[in-house]
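The values are calculated or read from the model by the stated rules, or taken from the named source; none is laboratory data. On a predicted model such as this, the values are computed, not experimentally measured, just so you know. Quick reminder, even Gly has a Cβ in these numbers, built from the backbone with ideal geometry, and neighbours come from all protein chains shown. These accessible areas exclude ligands, DNA and RNA; they are computed on the full protein's heavy atoms, side chains included. Shrake-Rupley method; radii C 1.70, N 1.55, O 1.52, S 1.80 Å.
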Amino acid sequence: MSSEPDDVPLLRERDGRVLVLTLNRPRRLNALTRELHAQLYEAVQGAANDPDIGAVVLTGAGDAFCSGGDLADGKHDTTPLTLEQKADQLRRHGETARLLHEMPKPTVAMINGVAAGAGLALALACDLRIASQTAVLTTAYAKVALSGDLGVSFFLTHLVGSAKAAELLFLSEKLDAPEAHRIGLVNRVLEAATLRESTLQLARQLAQGPAVAFRYMKRNLVCAQTSPLEAVLESEAYGMARCGRTQDVKEAAAAFKDKRAPVFKGC
């Protein structure tokens, strides 16, 4: 596994075809600054376009996943942003969540501690969320008189329904990992001691999977969130036709015949 020094806001590690991105401001509970936002967007965009990366894991350094936006960031700027400039900045930050949600390969949030506000939104943007038994999830926006960003309203509504999403946003109550799992915010809850290795094992499995099929699965899932059945059926039909022409589907058939595990090449 290769890694970068720990004196930068974002750590990037390669574990085979898995890219692990670690928010690295542990003394601030990995709160997001403009610099960290920019680095994270660059890394996620690069991963989306890199054929050598098959899956992305997002996590936080220390005892937190991400506590949300750093409210002190930019506090001492001599020239405050205009309303339009601030909105544009927040929209750019939201692109990271969109890429995590829509990139044509699996993304996994490894929630090792508190995930609050924008940090929760980033976790929800990922395809899968694996949480430590000690993790705590909360929207937190209402507590600082903010309305929410990075797609949190979209992801909450689709994951738990509009009524529960409203409750989570308005009340900003803290959810422990078992409760978050019960209502569908996280996929699995693991002991803290096994969280990293188990999550990486899952990510390695995904990274070695049928990449073309995963691409179209994600396209179908995104389509299903915003489109009528007719559009979903059209998306599925094209995806199935495309996957049927891959070497991976031939390998899957051969492996089934030979009673062995398939070895996918992503083509």
Set L202, L229, L206: member being loosely packed, with under 14 Cβ neighbours inside 10 Å and hydrophobic (A, V, I, L, M, F, W, C): L229
The lone exception for T96 - which of (1) under 18 Å from V186 (Cα atoms); (2) open to solvent by less than 10 Å² (accessible area, probe 1.4 Å) it fails: (1)
Residue identified as open to solvent by less than 50 Å² (accessible area, probe 1.4 Å), assigned to a strand (DSSP E or B), touching a residue at least 40 places away in the same chain (Cβ under 8 Å) and aliphatic (A, V, I, L, M) among L58, L21: L58
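Would you check which residues across segment 229-245 are within 18 Å of A211 (Cα to Cα) and within 27 Å of the chain's Cα centre (by Cα) and list them?
Correct list: S235, E236, A237, Y238, G239, M240, R242, C243.
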Condition broken by K105, with the remaining ones in (1) within 24 Å of G54 (Cβ to Cβ); (2) open to solvent by 30 Å² or more (accessible area, probe 1.4 Å); (3) in a loop (DSSP other than H, G, I, E, B) satisfied: (2)
Close pairs from segment 236-260: first within 19 Å of N220 (Cβ to Cβ), partner open to solvent by 90 Å² or more (accessible area, probe 1.4 Å) and not in a helix (DSSP H, G or I), Cβ under 9 Å, at least 6 apart: T246/K265; D248/K265
Number of the exception - A64 against (1) open to solvent by less than 10 Å² (accessible area, probe 1.4 Å); (2) in contact (Cβ under 8 Å) with a residue 60 or more places away in the chain: (2)
Qualifying residues in segment 24-53 (those that are under 22 Å from E102 (Cβ atoms) and among the charged types (D, E, K, R)) - the one most open to solvent (accessible area, probe 1.4 Å): E42
Among (1) in contact with a Cys (Cβ under 7 Å, 6 or more places away or on another chain); (2) touching a residue at least 60 places away in the same chain (Cβ under 8 Å), the one test that L100 misses: (2)
Matching residues, segment 250-265, being out of contact with any Lys or Arg (no Cβ under 9 Å at 6 or more places or on another chain) and surrounded by 12 or more Cβ atoms within 10 Å (Cβ to Cβ): K250, A252, A255, P262, F264, K265
Entirely in segment 115-192, the helices (runs of 4 or more DSSP H) that have 2 or more residues that are surrounded by fewer than 21 Cβ atoms within 10 Å (Cβ to Cβ), in contact with a Ser or Thr (Cβ under 8 Å, 6 or more places away or on another chain) and modelled with pLDDT of 95 or more: 162-171
